[in-house]
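Here is the structure we will look at.
Bear in mind these aren't lab numbers, they're just calculated from the coordinates by the rules spelled out. Treat the numbers as computed from the prediction; the structure is a model and nothing was measured. Please note: Cβ atoms are built from the backbone with ideal geometry, for glycine as well, and neighbour counts cover all protein chains shown.
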Amino acid sequence: MNKKLFVISGSSGVGKGTVIKKFLEKNPSFMLSISCTTRTPRPGETDGVNYFFLSKDEFQNCIDNDKFLEWAEFAGNFYGTKQKYIKQCLAEGKDIILEIDTQGALQVKKRMPEAVLIFICPPSFEELEHRLRGRNTEDETTIQKRLDAVKIELERAEQFDYKVINDNLERAVSELEQIITGEQKKC
Ligand code: ADP
Ligand code: 5GP
């Protein structure tokens, strides 16, 4: 069976990480790609596990040497997916999930049209803000930058293959599973 690349995006705080974690617990054969970022690690985050934390110079060097499948600046930091890592995983027949922002997702679709783009929507803007603030991981300036990005993210979501509303966590995970299973059957 051919393996597909599943790209999951959504505004900061919508619950992408939470939905994906639950999905991976139930579907351990999937691999979650580890991105590179110039963002400072949050308490509890580990280099090589949550992200590869790079300096701006290291990140720029990867851009200059065409190492990224996609990369983007999001809310003041840079994020990117290493090309070699994804190609290697696909060649080894692994099912991969990328959790990346909407700019990066659309770049992936251009380079790999067979990739499946899934956008996680909040039940409302108010609930999104509540979740982002409730997570307590960003300062006020960063929260504002992330909320400012929501409008354009929702516009880009129109180019995605699927949208899943993360209202109830279990329901959202189950919808994601149905989408992914359905796409795998098409292979
Ligand atoms: P993202 O990865 O999209 O930035 P997170 O997964 O970190 O978002 O979730 C942001 C916050 O929202 C977390 O505190 C998480 O526990 C909470 N959350 C996630 N999904 C739900 C849900 N369905 N209902 C209520 N809270 C949720
Ligand atoms: P956070 O700082 O909250 O971990 O991530 C902020 C945003 O960057 C999220 O929308 C997340 O999906 C996105 N992101 C994480 N890794 C990548 C990546 O490799 N490429 C792109 N384009 N976005 C990423």
Alpha carbon centre of segment 1-61 versus segment 128-168: separation in Å?
16 Å
In nm, to one decimal, how far is the modelled label at residue 18 from the one at residue 177, with both set 7 Å along Cα→Cβ?
1.8 nm
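Mind checking Rg over Rh on segment 5-185, alpha carbons, Kirkwood formula for Rh? Display every interim value, and only then the final one.
Numbers: Rg = 15.7 Å, Rh = 16.8 Å.
Ratio of gyration radius to Kirkwood radius: 0.93.
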MRE, 222 nm, helices only [DSSP H, n ≥ 4, -39500 (n - 2.57), over the chain, to nearest 500]
-13000 deg cm²/dmol
Let's see if you can work this out: charge +1 on each Lys and Arg Cβ, -1 on each Asp and Glu Cβ, no other charges. What is the dipole magnitude of the chain about its Cα centre, in debye to the nearest 20?
540 debye
Considering Cα pairs under 8 angstrom that are at least six residues apart, work out the relative contact order of the chain and quote it in whole percent.
34 percent
Once you've got the Cα coordinates, tell me which of 94/185; 56/82; 4/110; 22/185; 16/186; 21/87 are over 20 Å apart.
22/185; 16/186; 21/87
Need one number: % antiparallel among DSSP beta bridges in the chain, to the nearest 5.
30 percent
From zero outward in steps of 10 Å, how is the percent of C-alpha pairs of segment 59-120 spread across the bins?
20, 55, 24, 1
